[in-house]
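Read through the structure below, which is laid out as structure tokens, and then see the notes.
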Ligand SMILES: [Fe+2]
């Protein structure tokens with residue numbers, strides 16, 4: 001009985017989400033999943049929701065070890081109106097999000113929505129207009145900037161350049177052709193130039209080492225030179241991060257992927273995932289692959305890091321400046337008056 005009631009609950013929630021993504025009768029909704037997907041009750045619920053809205057719904061199940069470059073996968077992705085990515089393959093690089101198959105589908109006009117968080121998080125962080133507006137304002141600001149400067153009171157002081165790079169926001173809604181989003185989420189980010197990082201990046205106890213799915217238990221200090229992480233100092237967390245980068249063993253594993261800030265005040269910092277990526281006023285500067293791009297406005301990053309690493313790091317109590325102007329002040333976004341709301 002619980003399973004049946006749970007399914008009904010999920011269907012209602014996915015109907016609400018797919019309406020936000022503007023699913024219309026006759027559109028094709030492709031649900032992409034694999035047998036190892038951690039939320040096996042989501043694909044059938046989303047399938048029912050898509051049908052309820054009059055869409056033509058399909059579920060494509062990859063074995064999990066198949067490549068995203070397979071012709072069949074590429075063809076189906078490029079011909080869908082909306083793709084629901086309910087899979088975390090390929091493992092290790094931030095999933096299908098950072099594949100050419102994904103980029104091609106977006107270029108062909110697909111809308112793409114990633115879904116993998118627990119039901120409690122989906123419900124708590126349902127998209128709304130406040131998050132969308134904060135995201136759009138922030139992305140415009142970040143897109144126009146050339147330099148990101150991050151500081152804090154425990155020794156962080158580093159610069160990232162982004163000259164010519166675009167910026168994006170996430171609000172949990174993929175409602176226009178060529179737009180990717182992650183349901184749920186709320187953040188602003190970009191891919192800094194991969195050779196630009198200079199300075200000291202301190203991860204303090206309690207920050208989220210999301211790439212390892214736990215909070216840091218001690219201080220980790222990264223030294224950044226000419227875009228590369230050249231030293232990792234600290235205790236066990238530092239050792240694990242260094243070991244991760246060394247195991248991937250490509251140059252991009254020591255360079256940054258994306259940088260930006262969270263905009264959703266409904267997040268629970270104790271839960272690693274989109275909660276720690278999206279919490280209002282936090283700063284996320286992550287390592288590794290960033291080749292994701294999308295043609296919709298303020299979607300995609302157009303990075304050039306092809307590493308097989310992807311490791312998200314989310315930090316509280318940092319200050320972030322764009323071209324010298326304070327934007328995020330110690331867990332408070334939009335320190336500038338004209339963007340405060
Ligand atoms: Fe990431």
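Conditions tested, residue by residue: (1) over 21 Å from residue 260 (Cβ atoms); (2) in the same structural domain as residue 263 (by TED's automatic domain parsing).
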| site | (1), (2) |
| --- | --- |
| 97 | no, no |
| 100 | yes, no |
| 103 | no, no |
| 110 | yes, no |
| 121 | no, no |
| 149 | no, yes |
| 154 | no, yes |
| 163 | no, yes |
| 170 | no, yes |
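Being out of contact with any strand residue (DSSP E or B) (no Cβ under 6 Å at 6 or more places or on another chain) and away from the ligand (no atom under 11 Å from the Cβ) is a property that residue 273 has.
Within segment 271-291, residues that are at positive phi reach partners that are near the ligand (Cβ under 10 Å from one of its atoms) and modelled with pLDDT of 95 or more with beta carbons closer than 7 Å, at six or more positions or on different chains, in the pairs 288/257; 288/310; 288/311. Residues in segment 202-218: is at least one in contact with a helix residue (DSSP H, G or I) (Cβ under 9 Å, 6 or more places away or on another chain) and over 20 Å from residue 273 (Cα atoms)? No: zero hits. Regarding residue 221, is this residue more than 16 Å from the ligand (Cβ to nearest atom) and in contact (Cβ under 8 Å) with a residue 60 or more places away in the chain? Yes. Residue count for segment 90-114, restricted to those that are within 16 Å of the ligand (Cβ to nearest atom) and under 17 Å from residue 38 (Cβ atoms): 8. Considering segment 283-298, and only residues there that are surrounded by fewer than 24 Cβ atoms within 10 Å (Cβ to Cβ) and part of a strand (DSSP E or B), the residue that is nearest to the ligand (Cβ to nearest atom) turns out to be 286.
Results for (1) farther than 26 Å from residue 306 by Cα; (2) crowded, with 16+ Cβ neighbours inside 10 Å, shown as yes or no for each residue.
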{"residue": "72", "(1), (2)": "no, no"}
{"residue": "84", "(1), (2)": "no, yes"}
{"residue": "91", "(1), (2)": "no, no"}
{"residue": "120", "(1), (2)": "yes, no"}
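Kindly indicate whether any position in segment 31-53 is buried (at least 17 other Cβ atoms within 10 Å of the Cβ), closer than 22 Å to residue 296 by Cα and in contact with a strand residue (DSSP E or B) (Cβ under 6 Å, 6 or more places away or on another chain). Scanning segment 31-53, I find at least one residue that is buried (at least 17 other Cβ atoms within 10 Å of the Cβ), closer than 22 Å to residue 296 by Cα and in contact with a strand residue (DSSP E or B) (Cβ under 6 Å, 6 or more places away or on another chain), so the answer is yes. Considering only residues that are modelled with pLDDT of 95 or more, part of a loop (DSSP other than H, G, I, E, B) and farther than 10 Å from residue 281 by Cβ, look in segment 309-337 and name the one that is nearest to the ligand (Cβ to nearest atom). If we take residues in segment 309-337 being modelled with pLDDT of 95 or more, part of a loop (DSSP other than H, G, I, E, B) and farther than 10 Å from residue 281 by Cβ, then 312 is nearest to the ligand (Cβ to nearest atom).
The values are calculated or read from the model by the stated rules, or taken from the named source; none is laboratory data. These numbers come from a predicted model, not from an experiment. Ideal geometry is used to build each Cβ from the backbone, glycine not excepted, and the neighbour counts take in all protein chains shown.
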